[in-house]
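Okay, so here's the structure we're looking at.
The values are calculated or read from the model by the stated rules, or taken from the named source; none is laboratory data. All of these numbers come straight from a predicted model, not from anything done at the bench. Because the Cβ atoms are built from the backbone with ideal geometry, glycine has one as well, and the counts that use them run over all protein chains shown. Each accessible area value is taken on the protein alone, full model and side chains, heavy atoms only, with ligands, DNA and RNA left out. Shrake-Rupley method; radii C 1.70, N 1.55, O 1.52, S 1.80 Å.
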Amino acid sequence: MRMYDLILKKRDGYSLSKEEIRWMIDHYLHGNIPDYQMSAMMMAVYFRGMDTQETFELTMAMAESGDRLDLSGIPGIKADKHSTGGVGDKTSLALGPLAASCGVPVAKMSGRGLGHTGGTIDKLESIPGFQTALTEERFMEQVASVGIAIMGQTKDLAPADKLLYALRDVTATVDQISLIASSIMSKKLAAGADAILLDVKCGSGAFMKNFEDARKLSEAMIRIGKTAGKNMAAVISDMDQPLGRAVGNALEVKEAIDTLKGEGPEDFTELVLTLGSRMLCMAERAETPQEAQKLLKQKITDGSALHKFTEFVMAQGGDPSWIEHPENFCRADYIEEIPSVKTGFVTAFNTQEIGVCSLLLGGGRETKESAVDPFVGLVLRKKKGESVRKGEGLAVIYANDKEKLAKAKEHFWKNVTIESERKMPEPLIKEILS
């Protein structure tokens, strides 16, 4: 078998066999195929696409290229959740403990943020002492004993995907449905959960900018998971404005805590309850989404959800006093209002660029080596459809550097639209697929 022949075959629009895909991934992983040939293959896939079977075989080849967690020793249906990323997306911080408080074992591996989207691991590490570098043994023990564990992805989990993604990132071949779906699902399948819930974002702050592409990606990932024997569902949700009101690692942890107390923003609470109800049904803790929502709300009201979050934080070395006193998360040196320059209604955000505001403050990474300031960011005073007067606060900005504060404030003004006529936001939940 020669890589040249496989590139030629895909270039001319033919499907690669299971054996050809396995050979290609194995030889690339072991350094026997040069980057320039794999780049050519990725470009051929970008233009010619992959059929359903090819996409599945690529996913499995990457999932099986390294370690695979075996969670079968943990009682119950183990659940995992993946978001395609967005601005203010702190969903795992609230959803995980809430589902665990209802008896769902939550076993989740998460990544760090890069660019305008924040990573779950970065958010959790804003809690003093919180450890995300767990051994696989400790990870599984904690899921069994506490009901939830969230750890950083290990270097041995789907290593072929890491190599392939790094190559796609520098060859303009990231944005292809089969390649995105196989990348996400290879890591999810290797992580070993029985039920996988997908939160696929669409809008100006999401990777998928329109609903049609978000639906195609959702369907592709569901097909892969079901073929692999997993229980799958997807929720397509809006990312045409930041989720909730907080954008920034520590500020988002505080908002997740507020939500587990029943005091969170309306849209974020809606998403957590929608995802949570699906997760409970998938894990057979409820028969209908309505029954599941009732149980979730009960766990928030009686304090069980917040207690589970505290238990989870303590199990991973975090300081529980910060959960008891969430005001600790609001400790930037400079806290200033961003005033509106005119009277009217907020009608639009360039959501990706609102995420860039946090990046400009030091709250995100421009490269994988960039340091992150956990305490910077912003909290929106106004969201789409809400009225504002000239001089009234649009947002509160949290900064530790005056020069960065000025740049972020200027950037914010450029990326929010205020008009004289009210325009209501799109529904948060666009579709649920299972």
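Here residue 170 fulfils each of the conditions (1) out of contact with any helix residue (DSSP H, G or I) (no Cβ under 8 Å at 6 or more places or on another chain); (2) of a type in the set (Val, Ile, Thr); (3) closer than 23 Å to residue 283 by Cα apart from (3).
Please find, within region 224-249, the residue that is surrounded by the most Cβ atoms within 10 Å (Cβ to Cβ) out of those that are over 19 Å from the mean Cα position of the chain (by Cα) and free of Cβ contacts under 8 Å to residues at least 60 places away in the same chain. Taking the candidates together, the pick is 230. Just one of the listed residues (358, 370) is touching a Gly at 6+ places or on another chain (Cβ under 7 Å) and at pLDDT below 95, and it is 358. Of all the criteria given as (1) of a type outside the set (Val, Ile, Thr); (2) over 22 Å from residue 217 (Cβ atoms); (3) open to solvent by 20 Å² or more (accessible area, probe 1.4 Å); (4) part of a helix (DSSP H, G or I), the one not satisfied by residue 31 is (4).
Of the residues making up region 202-211, those that are within 12 Å of residue 352 (Cα to Cα) and not aromatic (Phe, Trp, Tyr) are 202, 203, 204, 205, 206, 208, 209.
Residues in region 312-359 that are under 21 Å from residue 419 (Cβ atoms) and among the aliphatic types (A, V, I, L, M): 5 in all. Against the test of being under 22 Å from the mean Cα position of the chain (by Cα), open to solvent by 20 Å² or more (accessible area, probe 1.4 Å) and of a type outside the set (A, V, I, L, M), the options 136, 141 yield a single qualifying residue, 136.
Evaluate region 35-48: report whether one residue or more is of a type outside the set (Ser, Thr, Tyr), without any contact (Cβ under 8 Å) to a residue 60 or more places away in the chain and either part of a loop (DSSP other than H, G, I, E, B) or closer than 30 Å to residue 276 by Cα (or both). It would help to see each step written out before you state the result.
Taking region 35-48 first, the residues of a type outside the set (Ser, Thr, Tyr) are 35, 37-38, 40-45, 47-48.
Filter again for without any contact (Cβ under 8 Å) to a residue 60 or more places away in the chain, leaving 37, 40-41, 44, 47-48.
Still in the running and either part of a loop (DSSP other than H, G, I, E, B) or closer than 30 Å to residue 276 by Cα (or both): none.
Within region 35-48, not a single residue is of a type outside the set (Ser, Thr, Tyr), without any contact (Cβ under 8 Å) to a residue 60 or more places away in the chain and either part of a loop (DSSP other than H, G, I, E, B) or closer than 30 Å to residue 276 by Cα (or both).
Determine which member of the set 259, 274, 310 is touching a strand residue (DSSP E or B) at 6+ places or on another chain (Cβ under 6 Å) and assigned to a helix (DSSP H, G or I). Step through it out loud before you land on a result.
Numbers: 259 fails: touching a strand residue (DSSP E or B) at 6+ places or on another chain (Cβ under 6 Å); 310 fails: touching a strand residue (DSSP E or B) at 6+ places or on another chain (Cβ under 6 Å).
Step by step, each of 259, 274, 310 is checked, and only 274 is touching a strand residue (DSSP E or B) at 6+ places or on another chain (Cβ under 6 Å) and assigned to a helix (DSSP H, G or I).
For region 313-328, filtering for residues that are part of a helix (DSSP H, G or I) and in contact with a Ser or Thr (Cβ under 7 Å, 6 or more places away or on another chain) leaves 1.
Right, residue 196: touching a Lys or Arg at 6+ places or on another chain (Cβ under 9 Å), open to solvent by less than 10 Å² (accessible area, probe 1.4 Å), of a type in the set (A, V, I, L, M, F, W, C) and under 23 Å from residue 54 (Cα atoms) or not?
Values: touching a Lys or Arg at 6+ places or on another chain (Cβ under 9 Å): yes; open to solvent by less than 10 Å² (accessible area, probe 1.4 Å): yes; of a type in the set (A, V, I, L, M, F, W, C): yes; under 23 Å from residue 54 (Cα atoms): yes.
Yes: the conditions hold for residue 196.
Taking the residues in region 7-28 that are part of a loop (DSSP other than H, G, I, E, B) and not charged (D, E, K, R) as candidates, determine which candidate is least open to solvent (accessible area, probe 1.4 Å). Show your work before the answer.
As a first pass, look at region 7-28 and keep what is part of a loop (DSSP other than H, G, I, E, B): 12-17.
Now drop any that are not not charged (D, E, K, R), which leaves 13-17.
Values: 13: 45, 14: 139, 15: 56, 16: 11, 17: 40 Å².
Restricting to residues being part of a loop (DSSP other than H, G, I, E, B) and not charged (D, E, K, R), the top hit is 16.
Only one residue in 117, 91 is among the β-branched types (Val, Ile, Thr), under 17 Å from the mean Cα position of the chain (by Cα) and at pLDDT 95 or above, so which one is that? Write out each step before concluding.
Values: 117 fails: at pLDDT 95 or above.
Only one candidate passes the filter, namely 91.
Tally time: how many residues in region 200-214 are surrounded by 24 or more Cβ atoms within 10 Å (Cβ to Cβ) and modelled with pLDDT of 95 or more? Let's see the steps before the verdict.
Step one: of region 200-214, the residues surrounded by 24 or more Cβ atoms within 10 Å (Cβ to Cβ) are 200-202, 205-206, 214.
Cutting the leftovers down to modelled with pLDDT of 95 or more gives us 200-202, 214.
So the answer is 4.
Considering only region 223-244, state which residues are within 23 Å of residue 58 (Cβ to Cβ) and in a strand (DSSP E or B). Even if it seems obvious, please write down each step before you answer.
Within region 223-244, the subset within 23 Å of residue 58 (Cβ to Cβ) is 223-234.
Scanning region 223-244 gives 231, 232, 233, 234.
Region 338-434 holds no strands (runs of 3 or more DSSP E) entirely within its bounds that carry 2 or more residues that are buried (at least 22 other Cβ atoms within 10 Å of the Cβ) and touching a His at 6+ places or on another chain (Cβ under 6 Å). When residue 66 is tested against the conditions (1) within 30 Å of residue 285 (Cβ to Cβ); (2) in contact with a strand residue (DSSP E or B) (Cβ under 6 Å, 6 or more places away or on another chain); (3) open to solvent by 10 Å² or more (accessible area, probe 1.4 Å), the lone failure is (1).
Every residue, every condition in (1) in contact with a Phe, Trp or Tyr (Cβ under 8 Å, 6 or more places away or on another chain); (2) over 27 Å from residue 264 (Cβ atoms); (3) open to solvent by 10 Å² or more (accessible area, probe 1.4 Å), yes or no:
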{"residue": "57", "(1), (2), (3)": "no, yes, yes"}
{"residue": "70", "(1), (2), (3)": "no, yes, yes"}
{"residue": "84", "(1), (2), (3)": "yes, no, yes"}
{"residue": "87", "(1), (2), (3)": "no, no, no"}
{"residue": "101", "(1), (2), (3)": "no, no, yes"}
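Which of the residues that make up region 324-337 are open to solvent by 70 Å² or more (accessible area, probe 1.4 Å) and of a type outside the set (Ser, Thr, Tyr)? Of everything in region 324-337, those that are open to solvent by 70 Å² or more (accessible area, probe 1.4 Å) and of a type outside the set (Ser, Thr, Tyr) turn out to be 324, 325, 327, 331, 333, 335, 337. Per the conditions (1) of a type outside the set (A, V, I, L, M); (2) in a helix (DSSP H, G or I); (3) surrounded by 22 or more Cβ atoms within 10 Å (Cβ to Cβ), the sole criterion not satisfied by residue 126 is (2). Entry remark, region 151-162: residues being surrounded by 18 or more Cβ atoms within 10 Å (Cβ to Cβ) and in a helix (DSSP H, G or I) number 3 in total.
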